[in-house]
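The values are calculated or read from the model by the stated rules, or taken from the named source; none is laboratory data. Predicted model, so just to flag it, every value in this text is computed and none were measured. Neighbour counts are summed over all protein chains in view; Cβ atoms, including those assigned to glycine, are modelled from backbone coordinates with ideal geometry.
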Amino acid sequence: MNYVPDSNSSLIVVAKLFGRIVQEIIARSCRIKIGMAKTVQFMPSIQLCEDIGAFVSFNGAYNGLLVLNFQGEAALEIVSASFRAMGLPDNEIPTHYMSENVRNGIGELLNQIIGAARAEIQATYELSAEANIPAVVPVTTPIGLIFKSAIAEQMGCVRVSFQTANMHRFHMDLTLEPTQFLQLT
């Protein structure tokens, strides 16, 4: 049985931090506002689902796995907005969420998100972790992911949901090894 942390646990603190960074990175890179749910969901496991899934693992002083799952329309809206923000002409803007440009754009956003989150945790808690290169895949059937750990059954999994300006959904799944960030001073 997965552990269910209380509202002050480091998993919830880190989920809020990651959620805020998702909003900030998309706002800065795409110049669009993303709404974030006020509720976090505890999940029995972490998975790739929806139309496009992107994931990255990180390890060091804290270990975990971050997954972003997008409805195709959400991924297309976000990446198209990013391309427009970069000044690309309309004929270079992707028109379908299964295009390689959309997957590459989502991968770049995830890379920025994990980098900013790691930097903020380093600055706030003086804890560091390295991240792998993000992977982005089209999803036709949900795929469960397991973070290989001696204590995998104790890992907490949470989901934070988001919505684009055009009401398209995506969500972030996050799992961490049980850890508690407590400041000594």
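Given the condition under 17 Å from residue 171 (Cβ atoms), part of a helix (DSSP H, G or I) and of a type outside the set (Val, Ile, Thr), answer yes or no: does some residue in the stretch 97-110 qualify?
To start, the set of residues in the stretch 97-110 that are under 17 Å from residue 171 (Cβ atoms) comprises 97, 106, 109-110.
Those left that are additionally part of a helix (DSSP H, G or I): 106, 109-110.
Checking the rest, the ones that are also of a type outside the set (Val, Ile, Thr) come to 109-110.
Scanning the stretch 97-110 turns up at least one residue that is under 17 Å from residue 171 (Cβ atoms), part of a helix (DSSP H, G or I) and of a type outside the set (Val, Ile, Thr).
If the condition is being of a type in the set (A, V, I, L, M, F, W, C), buried (at least 21 other Cβ atoms within 10 Å of the Cβ) and modelled with pLDDT of 95 or more, then the stretch 35-55 contributes 52, 54, 55.
The rows are residues; the columns are (1) closer than 16 Å to residue 47 by Cβ; (2) at pLDDT 95 or above.
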| site | (1), (2) |
| --- | --- |
| 68 | yes, yes |
| 82 | no, yes |
| 102 | no, yes |
| 118 | no, yes |
| 150 | no, no |
| 181 | no, no |
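Identify the residue in the stretch 87-142 that is in contact with a Pro (Cβ under 8 Å, 6 or more places away or on another chain) and β-branched (Val, Ile, Thr) and, among all such residues, is surrounded by the most Cβ atoms within 10 Å (Cβ to Cβ). Only one residue tops the list, namely 102.
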